[in-house]
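Just so you know, all these numbers are worked out from the coordinates, no wet-lab data involved. Remember, predicted model here, so these are calculated numbers, not experimental data. For neighbour counting, all protein chains shown are included, and Cβ atoms are generated from backbone atoms with ideal geometry for every residue, glycine included.
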Amino acid sequence: MSQPKPLSRETQADISRWITRECGVVLGPDKAYLLEHRLSGLLKDFSLPSYEALRDRLLDGRQAGVADRVVEAIVTHETSFFRDRHPFEALRAAMLPSARQRWLADRAASLLPPRPIRIWSAACSTGQEPVSLAISALEWLRSGAAADLRPADFVIVATDISARIIKMAREGRYSAAELERGMPADLRARYFTPDEPGWAVSTEVARMIDYRRVNFADAAPASVGLFDVVFCRNVLIYFDEALKKRVVEEFWRSLPAGGLLVLGGAESLYGISDRFQPITMAGSPAYQRL
């Protein structure tokens, strides 16, 4: 197959509009190289002679496999275990103790078992973040900080736009190189088992995580319930203002008063929502639902 002609401005605009509509990611006119770099392999995979042919496949909507692969190629799946470290330290030091107080209050107020402590890992990619959240909760329990709670009292809902990525995350298998990115040796020994050529998450960790496919760009994203803490890090920066506001409103509905939203270090809710109060928990920034 010969080298395709460079992406024309018209085709770039058409594909960029389609991408924004399908997954919310905004790509300006200066992103031609990024589009070519990420989509060139799909031309070969689907035997397409040009970017125009790829655009036509996307716009006719008849081949879902092409659409899924384009979204997957564009959405950033960069991740690592305990990424940026501080939010996970704050989770153990302050967020989980706060959630436990709600859990104890619910238990005291009803004869029914209280709902589990629930954490939402939005845009979970291949699972490193939800696995890190589960391990953080288990380590908190091991410390003796909450003798009244058990692993079964925690649910981590992990969502992503890509069905293929969710499938990989659900399998819970990681290479040695992936584990070296953030997973301490003692935690690897405690929560992973050898699974040549890599490692697999333990059953104890896997049973705490519920993986689901959610697309924030959908007019009505699938509801994932009520949470004590929402982690949505390094996601909003890719959306336009309208979608940012819609997504943050969904988080507001998914949290009780006092519930916590954790964003990426370069993100804020300034100009997006006044329904949250910025706070600092154990030295890490977060937003508390009003």
- [ ] Could you work out how far the C-alpha centroid of the range 233-286 sits from that of the range 6-74, in angstrom?
- [x] 29 Å
Task: Formal net charge of residues neighbouring GLY225 (Cβ-Cβ distance under 14 Å; K, R +1; D, E -1) - done: +1
- [ ] Compute the relative contact order of the range 9-74 as a whole-number percentage, counting only Cα pairs closer than 8 Å that sit 6 or more residues apart in sequence.
- [x] 35 percent
Open item on the list: With angles folded into 0 to 90 degrees, how steeply does helix 51-60 sit against the dominant principal axis of the chain? Use alpha carbons for both and round to 10.
Closed with: 60 degrees
Task: Angle in degrees between helix 241-254 and the longest Cα principal axis of the chain, rounded to the nearest 10 - done: 30 degrees
Open item on the list: Restricting to DSSP H runs of at least four residues, report the calculated mean residue ellipticity at 222 nm for the chain, -39500 (n - 2.57) per run over all residues, nearest 500 deg cm²/dmol.
Closed with: -12500 deg cm²/dmol
Open item on the list: Only bridges whose two residues both fall in the chain count here: according to DSSP, what percent of them are antiparallel, nearest 5?
Closed with: 45 percent
- [ ] Give the distance, in whole Å, between the Cα centre of the range 78-114 and the Cα centre of the range 152-177.
- [x] 20 Å
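How high is the relative contact order of the range 233-290? Use alpha-carbon pairs under 8 Å, at least six apart in sequence, and give a whole percent.
39 percent
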Open item on the list: I want to make sure I understand the PRE zone here: with the label point 7 angstrom from the Cα of ALA64 toward its beta carbon, which residues in the range 19-33 have backbone N atoms less than 19 Å away?
Closed with: 19, 21-24
TODO: Report, to the nearest 10°, how far helix 32-45 tilts away from the longest principal axis of the Cα atoms in the chain, using its own Cα long axis and a range of 0 to 90°.
DONE: 80 degrees
- [ ] Label the chain by shape, choosing from rounded, prolate and oblate, from the square roots a ≥ b ≥ c of the eigenvalues of the Cα gyration tensor; if a/c is under 1.5 it is rounded, and otherwise prolate applies when a/b is larger than b/c, oblate when it is not.
- [x] prolate
TODO: Please tell me the relative contact order of the chain in percent, rounded to the nearest whole number, where contacts are Cα pairs under 8 Å and at least six residues apart.
DONE: 18 percent
Open item on the list: Nothing charged except the Cβ atoms of Lys and Arg (+1) and of Asp and Glu (-1): what's the magnitude of the dipole of the range 38-111 about its Cα centre? Round to the nearest 20 debye.
Closed with: 360 debye
Task: Principal axis dimensions, largest first and in whole angstrom, of the range 46-172 by Cα - done: 64, 33, 21
Open item on the list: Highest mean first, how do 95-102, 184-191 rank when packing is the count of other Cβ atoms within 10 Å averaged over residues?
Closed with: 95-102, 184-191
Open item on the list: Can you find, among ALA147, ALA220, VAL157, the residue sitting farthest towards the positive end of the charge dipole of the range 103-242, where Lys and Arg contribute +1 and Asp and Glu -1 at Cβ?
Closed with: ALA147
Task: Length gained when the stretch ALA185-GLU204 is fully extended (0.36 nm per residue, less Cα-Cα span) - done: 5.1 nm
- [ ] Do me a favour and compute the ellipsoid semi-axes for the range 209-290 from its Cα gyration tensor, root of five times each eigenvalue, largest one first, whole Å.
- [x] 19, 15, 12
